[in-house]
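Undergrad: Provided herewith is a single structure, encoded as structure tokens, for subsequent inquiry.
The values are calculated or read from the model by the stated rules, or taken from the named source; none is laboratory data. Since we're looking at a predicted model, the values are computed, not measured. Here the Cβ positions follow ideal geometry from the backbone for every residue, glycine too, while neighbour counts run over all protein chains shown.
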Amino acid sequence: MNKSVYNQEWIYNLHVIKQAKLWMKHGLIQPDQFTAIKNLYKTPLFHPNRAIRILLFIATLIATSGMIGIVMLMFSGVGEMAIAIICMLSGAAAFWIMEHAFINKNHYKSGVTEGIAYMACGLVIVGVAMLGDFDVIIMIQVTCLLVFSIATFRYLDLMLTLAFMVTLSWMIFYHTYEAGGIFRSIIPFVFILIFSASYFLLQQINKHADLNLWSDNLLILEVCCLVLIYAAGNYLVVRELSVSMMDLLIEPGEDIPFAFLFYFFTIAIPVAYLWAGIQRKDTVLLRVGLVTLAFSVFTFKYYYSFGHPEITLILSGIISILVAVLLMRYLKDSRKGFTSKNLVTSAWANLNVEAFIISQTMGGNQPEKVEAKEMGGGGRMGGGGASTSF
Amino acid sequence: MTRSTPRQMAEKKLITEDEFKKIELITSGKIVSVFYELRILLYMGVMLFASGAGILIYQNIGELGHLASILLLAVIMLGCFGYAIKHGHDYKNDQVESPNAYFDYVLLLGCLLFVSIQGYMQVQYDAFTQSMLWNTLITAIFYFYIAYRYDHIGVLSLAITALATFWGLKISSKKWYNGDFFDQADLHITAMVFATLLAGIVFSLDKKSIKKHFTFTYKNFCFLLFFIGALTGIFIDSIYDLLFVSLIYVGCIFAWQQAQQKKSFLFLVYAFTAAYIATTYLLGKYLFNSEPVLWYYYFLISCGGIIYGIIQYKRLFKR
């Protein structure tokens, strides 16, 4: 299944080369092995380094702006409706140019492709919005959603994926808000429900090996879901949004409706993320869990401050340092599949790798389990990566 | 990259069975490294603690409990440096690995506390402008010593910032006495001179192979300061704009050289941005004044040309 504009094999090869380069840097394989891998997994894709990509991106934005300026000058004074149509047409033309002049010439996220893609999305959306005089919100939302999802699907772009998620949550919020009455007060629960469901759906999709081309996009979606679930349950977010958007008046001594529930969510969601992250060895959950936990601390400090920010800072600093040091010590020899060692940097060089592997697989913590997984690794080849279920 | 790739590589004899076992452990997620997570947590802890200490010092100056807390902070600071002296490796001109995972953070905490305490002493005991100037210099020298002695790039950035501050203060201190501290009309020239001098020193240090891995940090500062200074100059001293524009072009030549020799293209992005703004300014001032339509064509053609050039000569931009 490949509906993106790219040749799946080339992208796969590009990723393999990137990974192998990392392995070489960290002493896992030798330079001549890397060269052999590079020769076998050939890719003609033009995917320059980050600095050049930024340069190309800036240049593309300026150049396309110039182009749009010229087009608009040609058609100045033709009336708003015509301008709207021209916007949409030039958006479509930009997509066409990007695919034929760049992607067909093997550009892959080269900076030029991103630049044109963002411009094209913007043009189409502005064009449609102009048709409705910027008043028909639902039309703008649906267009955004369609444009972003199709563009994400075809061009694998991460920013467009993020834009898609932002549009989606804007839409959900807007329509439950507009529905009024009871719907306004259940907005947080609507968010939690929808994005929890999406998260579990994503987990299922992630196991599907064919979708490897979009694995980074799925990662962005996953992080967005987790963050949105947390934000919808966070006391500070709910309270401040209630006050500013729904004209909720909170007298001293009063609290928002369901306050206890949101207090509970504020604590429970980060803890649940961390717990699940540790259980499933899921770094995404772990990272989001850490960040949301920090925000939860901030939430409580925001409403229950004893007026000494410097003491709070010092205390939270001490706690962070202590936790980090203790965990570093605890995970010095890897435990339960976690390690505080840097597996992919120079740390490998000073590390006795053999001993490390041996402690892992033989004399280590869970020999039987590891053996079972090792065998599963063989079966996985045909099975398309059903990994955690073993 | 799929989960089965390492196994396929092993089957194709690209990697040996041993290597496969190591790689497989990582790619399959059997071992998860939380190296960066813990580092970030530690770093945040140090930052939070140091900024809390900084605020603590400036509040309630003169109270008794306050003095005690400053003494405590000073003890912690001395403890940090004591730890560094005890555990630090010997000085070498090459890169020196830190002795353990905590070393860099202990050193950073010590340095951050140093500047807080020093700032307190200054506010508390003499508020003269001249001493502030020299205090900044002392901080810079101390930081440079620490950075070189214990091989710490983070402290090096602090040192460069402190030195740049010293220069900025020194040049503008005359105006400070006269009461118009905010009239720093020549600060951009200071920045450019400072950047050029520093770049010269770093170039010779690099030649002598003294801490070669510091060079990038220095150059990053130098290029940024130089280009920002020159761009500011174009707009502030517009009588001499041609001079500043040609200086930017000279900077671009250096950036191009760096990109070709060291394969570090970040400076090329700075150079491109600065040169493009400068050129556009010149054209706007001397050529396009009468014909605004030309702008659109200019943007399209110039940037289109840049894109075309990079794609045509892509081997020049490869690492």
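Undergrad: Quick one: which residue in A:A101, A:A93, A:A129 is under 20 Å from A:M74 (Cβ atoms) and aliphatic (A, V, I, L, M)? Spell out the reasoning first.
TA: Numbers: A:A101 fails: under 20 Å from A:M74 (Cβ atoms); A:A129 fails: under 20 Å from A:M74 (Cβ atoms).
The unique qualifying residue is A:A93.
Undergrad: Which residues, counting only those in the range A:273-284, are surrounded by 16 or more Cβ atoms within 10 Å (Cβ to Cβ) and modelled with pLDDT of 90 or more?
TA: If the condition is that a residue be surrounded by 16 or more Cβ atoms within 10 Å (Cβ to Cβ) and modelled with pLDDT of 90 or more, then A:Y273, A:L274 are the ones that fit.
Undergrad: Only one of B:I85, B:I57 is surrounded by 15 or more Cβ atoms within 10 Å (Cβ to Cβ) and either among the β-branched types (V, I, T) or more than 7 Å from chain A (Cβ to nearest Cβ) (or both); which?
TA: Testing whether each residue is surrounded by 15 or more Cβ atoms within 10 Å (Cβ to Cβ) and either among the β-branched types (V, I, T) or more than 7 Å from chain A (Cβ to nearest Cβ) (or both) leaves just B:I57.
Undergrad: Right, next: Considering only residues that are facing another protein chain (nearest Cβ under 7 Å), assigned to a loop (DSSP other than H, G, I, E, B) and farther than 15 Å from A:I278 by Cα, which ones fall in the range A:322-343?
TA: Passing the criteria: A:K341, A:N342, A:L343.
Undergrad: Only one of these conditions is not met by B:F288: (1) within 11 Å of chain A (Cβ to nearest Cβ); (2) surrounded by 15 or more Cβ atoms within 10 Å (Cβ to Cβ). Which number is it?
TA: (1)
Undergrad: Of (1) buried (at least 22 other Cβ atoms within 10 Å of the Cβ); (2) more than 14 Å from chain B (Cβ to nearest Cβ), A:V112 satisfies all except one. Which?
TA: (2)
Undergrad: Right, something else. I'd like to check something: does the range B:63-72 contain any residue that is more than 25 Å from the chain's Cα centre (by Cα), modelled with pLDDT under 80, part of a loop (DSSP other than H, G, I, E, B) and at the interface with chain A (Cβ under 7 Å from one of its Cβ atoms)?
TA: Scanning the range B:63-72 turns up no residue that is more than 25 Å from the chain's Cα centre (by Cα), modelled with pLDDT under 80, part of a loop (DSSP other than H, G, I, E, B) and at the interface with chain A (Cβ under 7 Å from one of its Cβ atoms).
Undergrad: Ok, one more. Search the range A:38-67 for residues that are closer than 16 Å to B:Y308 by Cα and at the interface with chain B (Cβ under 7 Å from one of its Cβ atoms) and pair each with any residue that is buried (at least 18 other Cβ atoms within 10 Å of the Cβ) and acidic (D, E) when their beta-carbon atoms are under 8 Å apart and the residues are at least 6 apart or on different chains.
TA: A:T60/A:E114
Undergrad: Could you figure out which of (1) surrounded by fewer than 17 Cβ atoms within 10 Å (Cβ to Cβ); (2) in contact (Cβ under 8 Å) with a residue 24 or more places away in the chain isn't true of B:K12?
TA: (2)
Undergrad: Follow-up question, since we're still on this one. Looking only at the range A:174-214, which residues are farther than 30 Å from A:Y12 by Cβ and of a type in the set (S, T, Y)?
TA: A:Y174, A:T176, A:Y177, A:S185, A:S196 - these are the residues of the range A:174-214 that are farther than 30 Å from A:Y12 by Cβ and of a type in the set (S, T, Y).
Undergrad: Checking the structure you have, find out if any residue of the range A:278-293 is within 7 Å of chain B (Cβ to nearest Cβ), out of contact with any Leu (no Cβ under 7 Å at 6 or more places or on another chain), at positive phi and not in a helix (DSSP H, G or I).
TA: Yes: one or more hits.
Undergrad: Which of the following residues is in contact (Cβ under 8 Å) with a residue 60 or more places away in the chain, closer than 28 Å to A:V323 by Cβ and surrounded by 18 or more Cβ atoms within 10 Å (Cβ to Cβ): B:F49, B:F35? Even if it seems obvious, please write down each step before you answer.
TA: Numbers: B:F35 fails: in contact (Cβ under 8 Å) with a residue 60 or more places away in the chain.
The unique qualifying residue is B:F49.
Undergrad: Filter the range A:68-106 down to residues that are in a helix (DSSP H, G or I), without any contact (Cβ under 8 Å) to a residue 12 or more places away in the chain and aromatic (F, W, Y), then give me how many there are.
TA: Of the residues in that region, 1 qualify.
Undergrad: Then there's this: Considering only the range B:200-217, state which residues are buried (at least 16 other Cβ atoms within 10 Å of the Cβ) and either of a type in the set (A, V, I, L, M) or touching a residue at least 60 places away in the same chain (Cβ under 8 Å) (or both).
TA: B:V202, B:L205, B:K211, B:F214, B:T217
Undergrad: Quick check, is A:S90 surrounded by fewer than 19 Cβ atoms within 10 Å (Cβ to Cβ) and either closer than 23 Å to B:A259 by Cα or among the hydroxyl-bearing types (S, T, Y) (or both)? Working first, answer last.
TA: On the way: surrounded by fewer than 19 Cβ atoms within 10 Å (Cβ to Cβ): no; either closer than 23 Å to B:A259 by Cα or among the hydroxyl-bearing types (S, T, Y) (or both): yes.
Answer is no for this residue.
Undergrad: Would you check if there is a residue in the range B:255-275 being free of Cβ contacts under 8 Å to residues at least 40 places away in the same chain and away from chain A (no Cβ under 14 Å)?
TA: Yes, the range B:255-275 has at least one match.
Undergrad: Take B:Y296 and decide whether it is at the interface with another protein chain (Cβ under 10 Å from one of its Cβ atoms) and either part of a helix (DSSP H, G or I) or within 30 Å of B:Y145 (Cα to Cα) (or both). Reasoning before the result, please.
TA: On the way: at the interface with another protein chain (Cβ under 10 Å from one of its Cβ atoms): yes; either part of a helix (DSSP H, G or I) or within 30 Å of B:Y145 (Cα to Cα) (or both): yes.
So B:Y296 fits the description; yes.
Undergrad: I've got another one for you. Of (1) away from every other protein chain (no Cβ under 12 Å); (2) without any contact (Cβ under 8 Å) to a residue 60 or more places away in the chain; (3) outside any helix (DSSP H, G or I), B:N93 satisfies all except one. Which?
TA: (2)
Undergrad: Among the listed residues A:T292, A:T283, A:T299, which satisfies the condition of being free of Cβ contacts under 8 Å to residues at least 24 places away in the same chain and within 26 Å of the chain's Cα centre (by Cα)? Break it down stepwise before answering.
TA: Values: A:T292 fails: free of Cβ contacts under 8 Å to residues at least 24 places away in the same chain; A:T299 fails: free of Cβ contacts under 8 Å to residues at least 24 places away in the same chain.
Just a single option satisfies the conditions, and that option is A:T283.
Undergrad: Given the residues A:N104, A:N7, A:N13, which is the only one that is out of contact with any Leu (no Cβ under 9 Å at 6 or more places or on another chain) and of a type outside the set (A, V, I, L, M)? Spell out how you get there, then give the answer.
TA: On the way: A:N7 fails: out of contact with any Leu (no Cβ under 9 Å at 6 or more places or on another chain); A:N13 fails: out of contact with any Leu (no Cβ under 9 Å at 6 or more places or on another chain).
Exactly one of A:N104, A:N7, A:N13 is out of contact with any Leu (no Cβ under 9 Å at 6 or more places or on another chain) and of a type outside the set (A, V, I, L, M), namely A:N104.
Undergrad: Tell me which residues, restricted to the range A:141-165, are free of Cβ contacts under 8 Å to residues at least 24 places away in the same chain and surrounded by fewer than 20 Cβ atoms within 10 Å (Cβ to Cβ).
TA: Residues satisfying the conditions are A:V142, A:L146, A:S149, A:I150.
Undergrad: Filter the range A:24-38 for residues that are assigned to a helix (DSSP H, G or I), crowded, with 17+ Cβ neighbours inside 10 Å and in contact with a helix residue (DSSP H, G or I) (Cβ under 6 Å, 6 or more places away or on another chain) and give the result. Write out each step before concluding.
TA: Applying the first criterion (assigned to a helix (DSSP H, G or I)) to the range A:24-38 yields A:24-25, A:31-38.
When the remaining residues are screened for being crowded, with 17+ Cβ neighbours inside 10 Å, the result is A:24, A:33-34, A:36-37.
A:M24, A:F34, A:I37 - these are the residues of the range A:24-38 that are assigned to a helix (DSSP H, G or I), crowded, with 17+ Cβ neighbours inside 10 Å and in contact with a helix residue (DSSP H, G or I) (Cβ under 6 Å, 6 or more places away or on another chain).
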